[in-house]
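Colleague: First the structure, which I've put down as C-alpha cells, then a few questions once you've had a look.
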Amino acid sequence: MATLFLGLNANAARMDMVDVSNNNGYMSTAEYVSMRNEFGVKALTVKISEGTTFKDGYAASNIANGQAAGLYVNGYHFAHYKTKDQAIVEADFAGKTAKTAGLPVGAVLVTDVESQEANNQSKATNNRNNVAFMQEIQKYGYRADIYTSGSWANNKMTIKGKTGWIAAYPYVVSGKNWYSTNHAWQWSSTAKFRISYGGFDVSQLYTDYYTADQKSTVKPTNKDAVKANNKEANKHTSKPATSAKWVKETKTYTLKTAVKLRTGASTSSNAITILPAGTTVKTDQAIIQGGYRWVRQPRSHGYGYLATGPASNTLEYVKSGAAHTYYTVKSGDSWWAIAQRNGLSMTTLASQNGKTIYTTIYPGQRLVVR
C-alpha cells in the first residue's frame, strides 16, 4: 500500500496486524514467527490482486507461511474501479485469485481504495462502487471491509464506526483518538522487524474483525517453526571453512528454479528459507567449495549463501540479471496504463523509479519497466 504517514501512537502497546505484498519479496515462516513472538503481531493481510489483471505472485507463499507461523490471514485487493459494474468485475477477479492462492474461507478480503480513479469520483459514486465490491466479494465466502486514508475516509467516501481500516495521522487531536471506533488504524508504513527486509505497513486492531470467523484452523506455532526462527536469528554466526578463499563478485541473479538459501557455504548448512523461481538475488562474494560454486547474499542480519550450480557449470541454476528496460512516457500516459502494459503494479513501477504513484509524470520522461 502507499506510504501515507510515519509515526507511532504513544498509547499503542503493540503492533497487531502487518500487510505484505510482492514489494516485500519472499517472506519465510521464520520471519512471521519473529513478528508474532517478538512484536505481538496477530494478523497478516496479504495483497491478492490489483485491477483486473494483476495477481500478486507471492500471495500463496505469504498465506501458507503466515498460517504456519500461527497468524490469522486476510487479503486485500488494490482497486481501480470507476463504476459499479467495474467494481463487480474486480471483486470477481479478486475472489477467484484469492481462492487459487489459498486464502481461507471466512477471511477478510479488503478493497484498498486509494487510486487516482477513486480520487476523481464523488463521495456518492465511491460509496456505490465500494458497496458493490464488498457485496460481490462475500459471494466467495470472504468477509468484506475497506481500506483508505483518513482524509479520504472523511472527504471521498462514507466510513462509519466499526467499519473500515483507516490510515491517518496525527492520531491524537485535542485529546481525541482518531478512528478508534473503526476496525483498524494503520500507524506506520516503515516498521522494521528483527529478521526481515525493508519496511512494513503496521496497524493496530480495535476489534476482532480481522482475527475472527476464519473457518480454517490457524494452528499455534509448532516446534519446527520456532526452531527455524532460532536458526534465522543466529545465521550470521555460521561461516564457511576458514580455508575457503572468497572473491569479490557484485552481481544480480534471477533464479530459474527454487533454491535453498543456507546459513553457510555447504549443503549440510541449515536452510534459512527456500527462494522461489523468479527471485532476484544480489551478491557480494563468490567461492568454489565442496564441488559447488557458492555466492554470498548480504542480509539485514548477516549473510545467506546459495549454490549456483556445480563448479564446472556455474550458471546451471541461475542467470545474470538483464540490463534495465526503459519506457518513454507519452502524452496521455498514467502510472496505471504503463504498469498494466508491463505486467506490474503501479506501486512497483513507481518504487523502482524512486517515486510514488502520486508523483506526476511527464511526456519524454524515461521510466524503468524491467
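The values are calculated or read from the model by the stated rules, or taken from the named source; none is laboratory data. In this text, all values refer to a predicted model and were calculated from it rather than measured experimentally. Neighbour counts run over all protein chains shown; Cβ positions are idealised from the backbone, glycine included. To get the accessible areas, we keep the full protein, side chains included, count just its heavy atoms, and leave off ligands, DNA and RNA. Shrake-Rupley method; radii C 1.70, N 1.55, O 1.52, S 1.80 Å.
Colleague: Please enumerate the residues belonging to the range 58-99 that are hydroxyl-bearing (S, T, Y) and in contact with a helix residue (DSSP H, G or I) (Cβ under 8 Å, 6 or more places away or on another chain).
Modeller: Result: Y58, Y81, T83, T97.
Colleague: Considering every residue within the range 331-351, establish whether at least one is assigned to a loop (DSSP other than H, G, I, E, B), touching a Pro at 6+ places or on another chain (Cβ under 7 Å) and closer than 19 Å to E117 by Cα.
Modeller: yes
Colleague: Go over the candidates K96, K47, K55 one by one and state the one that is under 13 Å from the mean Cα position of the chain (by Cα) and at pLDDT 95 or above.
Modeller: Exactly one residue qualifies, and that residue is K47.
Colleague: So, in the range 246-273, of the ones that are touching a residue at least 60 places away in the same chain (Cβ under 8 Å) and out of contact with any Phe, Trp or Tyr (no Cβ under 8 Å at 6 or more places or on another chain), which residue ends up nearest to A68 (Cα to Cα)?
Modeller: Looking at residues that are touching a residue at least 60 places away in the same chain (Cβ under 8 Å) and out of contact with any Phe, Trp or Tyr (no Cβ under 8 Å at 6 or more places or on another chain), I get I272.
Colleague: Hey, among G75, G106, which residue is touching a Leu at 6+ places or on another chain (Cβ under 6 Å) and open to solvent by less than 30 Å² (accessible area, probe 1.4 Å)?
Modeller: Matching residue, one of G75, G106: G75.
Colleague: Need pairs with beta-carbon distance below 7 Å; first residue of a type in the set (V, I, T) and within the range 325-337, second surrounded by 12 or more Cβ atoms within 10 Å (Cβ to Cβ) and not in a loop (DSSP other than H, G, I, E, B); sequence gap 6+ or separate chains.
Modeller: From residues that are of a type in the set (V, I, T), the pairs are V329/L367.
Colleague: If a residue has to be of a type in the set (S, T, Y), open to solvent by 30 Å² or more (accessible area, probe 1.4 Å) and closer than 21 Å to T280 by Cβ to count, how many in the range 325-370 make the cut?
Modeller: Residues meeting the conditions: 4.
Colleague: Separate question: Taking into account only those residues within the range 33-68 that are of a type in the set (D, E, K, R) and over 20 Å from Y140 (Cβ atoms), which is surrounded by the most Cβ atoms within 10 Å (Cβ to Cβ)?
Modeller: Of everything passing the filter in the range 33-68, R36 is surrounded by the most Cβ atoms within 10 Å (Cβ to Cβ).
Colleague: A further question on this structure: Take the residues in the range 25-46 that are without any contact (Cβ under 8 Å) to a residue 60 or more places away in the chain and assigned to a strand (DSSP E or B); name whichever of them is nearest to D213 (Cα to Cα).
Modeller: L44
Colleague: On to the next question. Just name the residue that is most open to solvent (accessible area, probe 1.4 Å) out of those in the range 116-150 that are of a type in the set (V, I, T) and more than 23 Å from T211 (Cβ to Cβ).
Modeller: V131
Per-residue answers, yes or no, for (1) at pLDDT 80 or above; (2) of a type in the set (A, V, I, L, M, F, W, C); (3) closer than 25 Å to R370 by Cα:
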residue: T242; (1), (2), (3): no, no, no
residue: K245; (1), (2), (3): no, no, no
residue: K248; (1), (2), (3): no, no, no
residue: Y253; (1), (2), (3): no, no, yes
residue: G264; (1), (2), (3): yes, no, no
residue: S268; (1), (2), (3): yes, no, no
residue: L275; (1), (2), (3): no, yes, yes
residue: K282; (1), (2), (3): yes, no, yes
